[in-house]
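The values are calculated or read from the model by the stated rules, or taken from the named source; none is laboratory data. Small disclaimer: the values here were computed from a predicted structure and weren't measured. Here the Cβ is made from the backbone with ideal geometry for all residues, glycine too, and neighbour counts use every protein chain on show.
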Amino acid sequence: MEKRHELYAGKAKSVFTTDDPDRLILHFRDDTSAFDGERMESLERKGMVNNRFNAFIMGRLDAAGIPTHFEGLRSDDECVVKNMEMLPVECVVRNIAAGSLVKRLGVEEGGELDPPTFELFLKNDAQHDPMINESLAETFGWATPEQLAEMKALTFRVNEVLKKLFADGGLLLVDYKLEFGVFKGQIVLGDEFSPDGCRLWDAETREKLDKDRFRQGLGGVIEAYEEVGKRIGVDFS
Ligand code: TMP
Ligand code: ASP
């Protein structure tokens, strides 16, 4: 597959066209951002680590029957994906209270959420990714009610697969964010799944092993990503 021109550069990944109109190349850069791009830093090895982490997770989700855009690894920090029309909506499931939920509702961090919660956010850095709902998404044309229902169902199916995968590695899947697109009329999981877009805590000590280490200046960010990867069987060699 031939790489053509850069279509779009996000905060952590760049997207390239290819000689196949149905396929794109995702380049995972070392750039790391937090607070809607307010804080940016380059962390050595991050592109490679997140590319391999994402490939492993997408493979597990695909094996569980969840449609994903992932087609295969292309290099250490690139993969090939389906060329989808992305929906500007972020789907968040939480198993344990943390992050913006704690700030918004004043609940204590670490409390179990039973049943797990589902939230929608608009992908819009300038507006700081505001929380939205199904009604707003429909009115403004961000996603149809049918698309939203499918995204919600898939986001919860991902929870069942990944909660168990991480639990087997002694990890708690606290929360995560997914983004979806439309490929040939079907809702398909897009973007990435890596410790950049989820919270993972050690099940015993509750040590944070995800991007909160970067957000909170705790250090050892990539070492933590590699640790969680190794615990679930990702090959970084
Ligand atoms: P939050 O607690 O900041 O709302 O985030 C919930 C989860 O979703 C957390 O794992 C981080 C992830 N997330 C992103 O990766 N990017 C985003 O833009 C948002 C809103 C959340
Ligand atoms: N994903 C957003 C950013 O990179 C929010 C965050 O992770 O804090 O700025």
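Residues checked against (1) in contact (Cβ under 8 Å) with a residue 40 or more places away in the chain; (2) surrounded by 13 or more Cβ atoms within 10 Å (Cβ to Cβ); (3) acidic (Asp, Glu); (4) closer than 19 Å to ASN51 by Cβ:
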{"site": "PRO145", "(1), (2), (3), (4)": "no, no, no, no"}
{"site": "PHE156", "(1), (2), (3), (4)": "yes, yes, no, no"}
{"site": "LEU171", "(1), (2), (3), (4)": "yes, yes, no, no"}
{"site": "TYR176", "(1), (2), (3), (4)": "yes, yes, no, yes"}
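The single residue among GLU150, GLU85 that is crowded, with 16+ Cβ neighbours inside 10 Å, touching a residue at least 12 places away in the same chain (Cβ under 8 Å), away from ligand 2 (no atom under 15 Å from the Cβ) and under 20 Å from the mean Cα position of the chain (by Cα) turns out to be GLU150. Considering every residue within region 61-72, establish whether at least one is under 16 Å from the mean Cα position of the chain (by Cα), within 16 Å of ligand 1 (Cβ to nearest atom), modelled with pLDDT of 95 or more and surrounded by 18 or more Cβ atoms within 10 Å (Cβ to Cβ). No, region 61-72 has no match at all. Where helices (runs of 4 or more DSSP H) sit wholly within region 124-233, those with at least 3 residues that are modelled with pLDDT of 95 or more and under 18 Å from LEU87 (Cβ atoms) occupy 134-139, 145-168.
For region 98-116, check the following and say yes or no: at least one residue is surrounded by fewer than 18 Cβ atoms within 10 Å (Cβ to Cβ), of a type in the set (Asp, Glu) and within 21 Å of ILE187 (Cβ to Cβ). No; the residues of region 98-116 include none that is surrounded by fewer than 18 Cβ atoms within 10 Å (Cβ to Cβ), of a type in the set (Asp, Glu) and within 21 Å of ILE187 (Cβ to Cβ). Answer yes or no as to whether LYS164 is surrounded by fewer than 15 Cβ atoms within 10 Å (Cβ to Cβ) and either within 23 Å of SER14 (Cβ to Cβ) or of a type in the set (D, E, K, R) (or both). Considered against the rule, which asks whether it is surrounded by fewer than 15 Cβ atoms within 10 Å (Cβ to Cβ) and either within 23 Å of SER14 (Cβ to Cβ) or of a type in the set (D, E, K, R) (or both), LYS164 comes out as yes. Within region 25-60, the residues that satisfy the criterion of being among the aromatic types (Phe, Trp, Tyr) and within 17 Å of ARG231 (Cβ to Cβ) are PHE53, PHE56.
So if I check each of ARG213, ARG231, ARG206, which one is closer than 19 Å to MET58 by Cα and either among the aromatic types (Phe, Trp, Tyr) or surrounded by fewer than 21 Cβ atoms within 10 Å (Cβ to Cβ) (or both)? None of the other options fit; the residue is ARG231.
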